[in-house]
């Protein structure tokens, strides 16, 4: 999974293509819980580019998008937000797959 480096990179990525931004942090145990299944999810949904967002490095982006809990996911296609799975709760592989499957295409 690619790691987002800057706000400018976010603005560029969200405007072109289909991206799912995963908001996380190294210290978050619920985020680490889903780490083992992320490669499988990425493989299953190849139409999306998955981008890791470290909430500590990009706290302003989190505030701009109202992402206050992690792990969380926000999907964009060509500048339009397709959906979000945002909460402070631990997420399962099945919940993440259901969220992505339900995104409008």
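Give me a count of the residues in the range 54-64 that are without any contact (Cβ under 8 Å) to a residue 12 or more places away in the chain and in contact with a helix residue (DSSP H, G or I) (Cβ under 9 Å, 6 or more places away or on another chain).
Going through the range 54-64 one residue at a time, the tally reaches 1.
I need a count of the residues in the range 1-13 that are at pLDDT 95 or above and touching a strand residue (DSSP E or B) at 6+ places or on another chain (Cβ under 9 Å).
5
Could you say whether any residue in the range 89-96 is under 19 Å from residue 2 (Cα atoms) and surrounded by 18 or more Cβ atoms within 10 Å (Cβ to Cβ)? Give the steps one after another, and end with the answer.
Filtering the range 89-96 for residues under 19 Å from residue 2 (Cα atoms) gives 96.
When the remaining residues are screened for being surrounded by 18 or more Cβ atoms within 10 Å (Cβ to Cβ), the result is 96.
Yes; the residues of the range 89-96 include at least one that is under 19 Å from residue 2 (Cα atoms) and surrounded by 18 or more Cβ atoms within 10 Å (Cβ to Cβ).
Can you tell me which of (1) farther than 21 Å from residue 6 by Cβ; (2) modelled with pLDDT under 95 is the one residue 99 doesn't meet?
(2)
If the requirement is being free of Cβ contacts under 8 Å to residues at least 60 places away in the same chain, surrounded by 13 or more Cβ atoms within 10 Å (Cβ to Cβ) and over 18 Å from residue 5 (Cα atoms), which of these qualifies: 21, 68, 73?
The unique qualifying residue is 68.
Those residues that are under 15 Å from residue 3 (Cα atoms) and in contact with a strand residue (DSSP E or B) (Cβ under 7 Å, 6 or more places away or on another chain), I need them from the range 24-53; list them, please. Walk me through how you get there before you give the answer.
From the range 24-53, those under 15 Å from residue 3 (Cα atoms) are 24-26, 31, 35, 38-39, 42, 48-53; that's our starting set.
Across the range 24-53, the qualifying residues are 24, 25, 31, 42, 48, 49, 50, 51, 52, 53.
What's the number of the condition residue 70 fails, among (1) out of contact with any helix residue (DSSP H, G or I) (no Cβ under 7 Å at 6 or more places or on another chain); (2) modelled with pLDDT under 95?
Residue 70 satisfies every listed condition except (1).
The values are calculated or read from the model by the stated rules, or taken from the named source; none is laboratory data. Quick caveat, the model's predicted, so the values are computed rather than measured. Cβ coordinates were reconstructed from backbone atoms using ideal geometry, including for glycine residues, and neighbour counts include every protein chain displayed.
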